[in-house]
Amino acid sequence: MANDAATEESRAEQSAGPSLSDIGLVGALARLLDEQMVKKEIKPRIDGPKVPLLKAYETGQSELAVRVGGDLIGRYRVNLSQPKVVVDEDNEAALNEYADKHGGTKVVIMRDETWEKALLEFAEYDEDTGLIIDTRTGEVVPGLKYEPGGQPTGSLTWTWEKKDVGKKRLMRHYQDGALNHLLTDMPQLMAGPRPAAEDAQH
């Protein structure tokens, strides 16, 4: 009977989709592949034409047509700055004087961010009165409120096991095909050749 209940539970989990642990494993793999492949292999290729095309611009070439056979795929074009008038940072005093004469200045009163940060560091919630006290002066501080902790923030923190040990383990299982059953609906994680073992060490 207990066995039947466990089987039913297992079927219910399968019909409801992947388990949380499987989702976590795929998330860790995506993080590893992004770290190992995207930043290392894909990003430099995306920006690959930049340096040679900027160099070619010096000799008069301002764009690169990308073709496959006779089909035009797209173009890279060197972006050029447009002429415009800007503030001369070396002579702002003169501009400020001109602005004063022509109504171009305004006074803004706002709390000093450094003062506010210090206040929040020294402010304490008094459990008995429900008030917030500035411990430096003993005064009640209006305009502050107490938020109890312990609620989910909506974000997660990821930590690899013993720095690179977790990365190496996951890469080894990935390369052995042990995660293939989790990736059938995510071909983007299996696209192209699998990374070499030495990639996991970097």
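In region 92-117, what residues are of a type in the set (Gly, Ala, Ser) and either under 29 Å from the mean Cα position of the chain (by Cα) or assigned to a helix (DSSP H, G or I) (or both)?
ALA93, ALA94, ALA99
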Could you grab me the full set of residues in region 102-147 that are open to solvent by 90 Å² or more (accessible area, probe 1.4 Å), among the hydroxyl-bearing types (Ser, Thr, Tyr) and modelled with pLDDT of 90 or more? THR114
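Working only within region 138-181, note down all residues that are among the polar types (S, T, N, Q) and touching a Lys or Arg at 6+ places or on another chain (Cβ under 6 Å).
Listed by number, the list holds a single entry, GLN175.
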Would you pick out the residues in region 69-90 that are surrounded by 10 or more Cβ atoms within 10 Å (Cβ to Cβ) and of a type in the set (Ser, Thr, Tyr)? TYR76
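Look through ALA65, ALA99, ALA56, ALA93 and report the one residue that is exposed (fewer than 10 other Cβ atoms within 10 Å of the Cβ) and of a type in the set (A, V, I, L, M).
So the residue among ALA65, ALA99, ALA56, ALA93 that is exposed (fewer than 10 other Cβ atoms within 10 Å of the Cβ) and of a type in the set (A, V, I, L, M) is ALA93.
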Criterion (in a strand (DSSP E or B) and aliphatic (A, V, I, L, M)) met by exactly one of LEU144, LEU120, LEU64, LEU54: LEU64
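The values are calculated or read from the model by the stated rules, or taken from the named source; none is laboratory data. None of the values given here were measured: they were computed from a predicted structure. Counting neighbours? That spans all protein chains shown, and the Cβs are built from the backbone with ideal geometry, glycine included. With ligands, DNA and RNA removed, areas are computed over all heavy atoms of the protein, side chains included. Shrake-Rupley method; radii C 1.70, N 1.55, O 1.52, S 1.80 Å.
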